[in-house]
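The values are calculated or read from the model by the stated rules, or taken from the named source; none is laboratory data. Note that this is a predicted model, so its numbers are computed, not measured. Here Cβ is always computed from backbone atoms with ideal geometry, including for glycine, and neighbour counts include all displayed protein chains. For the accessible areas, the whole protein counts, side chains as well, though only heavy atoms, and no ligand, DNA or RNA atoms are used. Shrake-Rupley method; radii C 1.70, N 1.55, O 1.52, S 1.80 Å.
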Amino acid sequence: FFGMALVLSLGLGFVAGQVLSQLLSRAYEWFESPTLAQLLVSEPINLLLFVLDTLLPLWLSLHLLRRHAVPGAAGPVPRWEPALAFALCFAVIYLKLVSMLPEQLFFYDSAWIYSLLLLAGLLHTALVFAAAWGGLPQQLRQCNPGRLILASLLCALLWLLAFVLVAVAIALYTLSGNELVSEALLALPGLGLLALLWPLTRLSLRWVYRPQAV
């Protein structure tokens, strides 16, 4: 997997760099906004690169190795396996969202802010794993990866929707002329969004994954 991902990322990265340099120069003239140009041009290409140099090698490696698998009676699956898979899928989505943030949002100390976002991602992933582990039966009949991915996507989308709603509410409050009592109070919505991951994880697993105990 790492070999194929490295070759594809180097080759596609070189091609994408040449294409982006041409498209961005024209997009800056069309939109007259660097941030808007990057959102409409760079991010779709980056998402396509993620599919080609990460998801495609992962699928190929699993597809090529499955021919060496030995068929047999499937045994019960401990709950930590689907819980870990669910948490890792959520972590991939979170990291992709962080990587798509335009650098123009941060005027200074962008590296420090990105590091803080990555550390927050570890906390989010750990909370999602704990919620999934506590909500699953101790032994499951089987582990369905497809449903796990869909459940993690649903959890991430619902959480992202709540995040956007909170951000819009704070922006409208400040733009209407109201002043925040203290910047430290901004941590309260963040803690609320963090706590929201617990019920969203349980809800997504119940709706999509539908675990079956042994």
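Quick notes on this structure:
- Qualifying position, being under 18 Å from Val77 (Cβ atoms), modelled with pLDDT of 80 or more and aliphatic (A, V, I, L, M), among Leu154, Leu140: Leu140
- Cβ pairs under 6 Å, 6+ apart, first in segment 150-167 and assigned to a helix (DSSP H, G or I), second surrounded by 14 or more Cβ atoms within 10 Å (Cβ to Cβ) and among the β-branched types (Val, Ile, Thr): Leu150/Val208; Ala151/Val208; Leu154/Val208; Cys155/Thr201; Ala156/Ile93
- Any hit, segment 35-54, residues being more than 25 Å from the chain's Cα centre (by Cα), modelled with pLDDT of 75 or more and surrounded by 10 or more Cβ atoms within 10 Å (Cβ to Cβ): no
- Selected residue (only one of Ala87, Ala111 is modelled with pLDDT of 90 or more and of a type in the set (A, V, I, L, M)): Ala87
- Only listed residue being basic (Lys, Arg), open to solvent by 90 Å² or more (accessible area, probe 1.4 Å) and modelled with pLDDT of 80 or more, chosen from Arg206, Arg202: Arg206
- Residue check, Leu58 at pLDDT 75 or above and in a helix (DSSP H, G or I): yes
- Looking only at segment 64-84, residues that are modelled with pLDDT under 90, touching a strand residue (DSSP E or B) at 6+ places or on another chain (Cβ under 7 Å) and within 14 Å of Pro145 (Cβ to Cβ) come to 1 in all.
- From the list Leu117, Leu101, the one residue that fits, being open to solvent by less than 80 Å² (accessible area, probe 1.4 Å), modelled with pLDDT under 75 and closer than 30 Å to Leu197 by Cα, is Leu101.
- Segment 193-214, residues that are aliphatic (A, V, I, L, M) and either part of a loop (DSSP other than H, G, I, E, B) or more than 14 Å from Arg79 (Cα to Cα) (or both): Leu193, Leu194, Ala195, Leu196, Leu197, Leu200, Leu203, Val208, Val214
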